[in-house]
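Data first, discussion second: the structure below is written as structure tokens.
Nothing in this text is a laboratory measurement; each read-out follows from the coordinates by a stated rule. Given the structure is predicted, the values throughout are model-derived calculations rather than measurements. Every residue, glycine among them, receives a Cβ derived from its backbone with ideal geometry; neighbour counts consider all protein chains shown.
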């Protein structure tokens, strides 16, 4: 087996494992919509950073990320704290998540007002975590 063929086998195996994980998650497994929302927002956010040239060698934590993986780690923690289990578990409004992710995807690079509008107006906890609230839940928020 050549190195090229071996590489393709690794790619195919990785794709099968990833696909299997996705199928297991949606087929008989419990789908955690909060985690799915966090992961969607993380991917959109890191794609924004990549599109805007804020991921790559020489970037620092003030201006960007040295790698896509470091972006994912940091940004996932941001969304985790923005949409915490205590407020959002079982209350994710998937339509609002779609609006949030679309807004992130459309945010103009290096436009602070656009970034702020996306975070404050399109992706706040109050919008994302308002599904399935009972009157008691709503009164405590």
Compactness of the stretch 61-124, expressed as Rg and Dmax over alpha-carbon positions, Å: 12.8, 34
Point-to-point label distance, residue 33-residue 81, nm (Cα→Cβ direction, 7 Å offset): 2.6 nm
Residue 50 paired with residue 127, simple spin-label distance in nm, labels 7 Å along Cα-to-beta-carbon: 2.4 nm
FRET E, pair residue 70, residue 134, Förster distance 30 Å, beta-carbon r, rounded to 0.05: 0.15
